[in-house]
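*Asks:* Here it is, the structure in full.
Taken together, the values in this text are just the output of simple stated rules run on the coordinates, not laboratory data. In this text, all values refer to a predicted model and were calculated from it rather than measured experimentally. For neighbour counting, all protein chains shown are included, and Cβ atoms are generated from backbone atoms with ideal geometry for every residue, glycine included.
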Amino acid sequence: MSPSNQIPTFNMKVVVHETGLKPDTLRAWERRYGVPNPKRTSGGHRLYSQYEIDMLKWLVARQDEGMSISHAVELWQQLELEGSNPLFASEIVASEPTFSHIDGERVDDLRQAWIEACLNFDEYQAQHLLARAFALFPLETVCYKVLQQGLTEIGEGWYEGRVTVQQEHFASALALRQLEALLAALPAPTRNGRIIVACPPHELHTFSPLMISLMLRRQGWDVVYLGANVPLDRMEASVEQIKPLLVIMPAQTLAAAGNMLPMAQKLHDMNVPLAFGGTVFNHIPQVADAMPGHFLGKSLDQAPQVVEKLLQANPPLSKAKKAPKSYEDAYQQFVAERSAIEARLHHLQELSEMPVTLLNNINHEFGDNIEAALRLGDLTMISSNLEWVKGLLLNNHERLSELSLHAYLNAYQKVVKSVMDKRAAPLLDWFAHLN
């Protein structure tokens with residue numbers, strides 16, 4: 001398009017004549033969807049460009065084809081984000097079925113096609129499929145049914161050894177870029193008060209917090225998204241500056257939940273409510289009992305509604321139970337001796353046939369789980385997580401049998417006895433019950 005097409009030239013009377021839209025409709029679209037976005041004269045009158053008039057005609061044409069105005073605006077923004085000129089894509093869009101003729105199976109078809117494109121590292125096809133999905137379905141449907149569920153299925157494939165790490169990372173990167181683009185395209189917030197969304201230390205999975213940020217911003221909230229791996233001191237400083245109504249944090253693993261706990265306790269001391277959710281709270285329900293805050297529910301699509309209710313009801317701060325003193329002592333010593341424990345495991349004869357890289361991975365996962373469970377005050381959380389870890393290792397490493405995992409746990413118990421003192425009692429008791 002030429003720059004002259006974007007020069008604000010025409011008043012509202014001309015736009016009404018050219019598009020057939022009423023002034024009230026133009027103002028409503030501007031307020032709700034951020035389009036059009038006219039400039040103002042010194043006297044406050046709206047001035048529109050030729051490009052905006054063409055855009056409005058395009059939106060009206062999509063309505064005539066049976067598409068709602070919200071879906072039409074989303075499609076326009078999606079095509080722009082992909083670098084396409086929507087004015088040249090009208091014939092392609094018009095040839096697609098309208099939303100009113102679509103059923104649930106079509107969403108599944110698009111999701112499976114998107115998964116296949118990601119596994120084939122076909123970025124162009126994956127983006128094209130998303131553009132089609134946004135043209136046919138509400139934004140929420142595409143985000144939950146295509147992106148979130150698609151990544152879940154790809155993650156299950158990785159867990160079972162059918163999908164490589166590279167394929168999983170490729171799909172995640174595409175999904176994250178899509179959410180970031182959608183966030184950037186949203187209009188300014190319309191509601192008072194701010195919400196912080198952030199990941200606790202060492203939590204690097206950002207799809208869920210980005211989704212929550214997107215959905216809350218669509219409801220008009222002013223969401224400050226801080227991203228992955230936010231240190232405790234940085235979070236404290238941000239809360240003091242932003243003064244949020246609510247802080248939202250996700251945790252996908254037991255280790256992430258353990259790292260969230262000090263942050264949750266600090267927020268409680270600062271009189272700031274916390275809402276939390278994530279995979280670990282679904283797999284190990286007792287983790288939620290140890291967290292001072294409000295659980296957002298088992299499903300990501302429930303989170304925006306739970307947040308709305310929390311902010312409307314203004315509930316009191318939730319105080320979690322404190323870990324026993326014996327756990328606190330065991331945690332302090334385990335953190336101090338963890339490196340020594342893991343070093344000794346590498347010199348044990350019973351683990352000599354285990355590949356070094358594999359042993360390092362198991363030590364990292366298992367050690368993180370022990371730290372988190374001690375911090376959260378319940379070592380049975382490791383037991384709940386152990387089956388998942390065992391399945392992951394068995395699916396991805398043919399040489400690791402259930403017998404060798406049992407040998408690893410026995411070896412770990414022996415080393416803990418040799419390195420730690422009586423403060424290791426909670427951990428040794430857990431090992432004893434495990435056997």
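*Asks:* Label points 7 Å out from Cα along the Cβ direction at Lys243 and Arg194: separation in nm?
*Replies:* 1.0
*Asks:* Pop a pseudo-label 7 angstrom from the Cα along the beta-carbon direction at both Ala61 and Asp289 and give the gap in nm to one decimal.
*Replies:* Modelled inter-label distance: 6.1 nm.
*Asks:* Which net charge results for the neighbourhood of Gln148, defined as the other residues with beta-carbon distances under 11 angstrom from its beta-carbon, given Lys and Arg at +1 and Asp and Glu at -1?
*Replies:* It works out to a net charge of -1.
*Asks:* If amide H atoms are built 1.01 Å from N in the plane of the peptide, which residues on other chains or at least 5 residues away come under 5 Å of the amide H of His202?
*Replies:* Asn229, Val230
*Asks:* While we're here: Residue by residue through region 127-138, which ³J(HN,Hα) values in whole Hz follow from phi under the Karplus form 6.51 cos²θ - 1.76 cosθ + 1.60 (θ = phi - 60°), with glycine and proline marked x?
*Replies:* Once rounded to whole Hz, the list reads 5, 4, 5, 5, 4, 4, 4, 5, 6, 9, 10, x.
*Asks:* Additional query: How would Asp269, Asp301 line up from fewest to most surrounding beta-carbon atoms within 10 angstrom?
*Replies:* Ranking Asp269, Asp301 by Cβ neighbours within 10 Å, fewest first, gives Asp269, Asp301.
*Asks:* Mind scanning Lys22/Lys145; Lys321/Lys417; Lys298/Lys321; Lys322/Lys417; Lys243/Lys422 and naming the pairs with a C-alpha gap bigger than 32 Å?
*Replies:* Where the Cα-Cα span goes over 32 Å, the pairs concerned are Lys22/Lys145; Lys243/Lys422.
*Asks:* With r as the distance between the Cβ atoms of Leu232 and Glu156 and R0 = 35 Å, compute the FRET efficiency 1/(1 + (r/R0)^6) and round to 0.05.
*Replies:* Once the sixth-power term is evaluated, E becomes 0.60.
*Asks:* Relative contact order for region 194-313: what is it in percent, counting Cα pairs under 8 Å that are at least 6 residues apart?
*Replies:* Answer for region 194-313 is 26 percent.
*Asks:* Further question: Please tell me the relative contact order of region 200-267 in percent, rounded to the nearest whole number, where contacts are Cα pairs under 8 Å and at least six residues apart.
*Replies:* Relative contact order comes out at 48 percent.
*Asks:* Rank the residues Leu183, Leu136 as a footprinting-exposure proxy: fewest other Cβ atoms within 10 Å of their Cβ go first.
*Replies:* With the fewest neighbours first, Leu183, Leu136 line up as Leu183, Leu136.
*Asks:* Additional query: For the pair Thr25 and Gln166, what calculated FRET efficiency results from E = 1/(1 + (r/R0)^6), where r is the Cβ-Cβ distance and R0 = 30 Å, to the nearest 0.05?
*Replies:* So the FRET efficiency works out to roughly 0.05.
*Asks:* Given a Förster distance of 35 angstrom, what is the FRET efficiency for Asp108 paired with Ala173, based on the Cβ-Cβ distance and rounded to 0.05?
*Replies:* That gives a FRET efficiency of 0.90.
*Asks:* Now for a different question. For the chain, take the longest principal axis of its alpha carbons; what is the angle in degrees between that and the long axis of helix 207-218, to the nearest 10 within 0 to 90?
*Replies:* 30
*Asks:* Mind checking which aspartates and glutamates have their Cα closer than 19 Å to the Cα of Lys57? Skip sequence neighbours fewer than 8 apart in that chain.
*Replies:* Glu18, Asp24, Glu30, Glu65, Glu74, Glu80, Glu91, Glu96
*Asks:* So if each residue of separation counts as 0.36 nm, and I subtract the Cα-Cα distance between His433 and Glu387, what length gain in nm does that give?
*Replies:* Length gained, His433 through Glu387: 15.0 nm.
*Asks:* Considering the options Leu26, His202, Leu351, tell which one lies farthest towards the positive end of the dipole of the chain, charges being +1 on Lys and Arg and -1 on Asp and Glu at the Cβ, about the Cα centre.
*Replies:* Leu26
*Asks:* Please compute the contact order of the chain in relative form: average sequence separation of alpha-carbon pairs under 8 Å and at least six residues apart, divided by the residue count, as a percent.
*Replies:* Here the relative contact order equals 10 percent.
*Asks:* Please give, to one decimal in nm, the separation of the simple spin-label points placed at Lys39 and Asn410, each 7 Å out from Cα toward the Cβ.
*Replies:* In this crude spin-label approximation the distance works out to 8.0 nm.
*Asks:* Quote the charge dipole size of the chain about the Cα centre in Debye, to the nearest 20; the model charges only the Cβ of Lys and Arg (+1) and of Asp and Glu (-1).
*Replies:* Rounded to the nearest 20 debye, it is 1620 debye.
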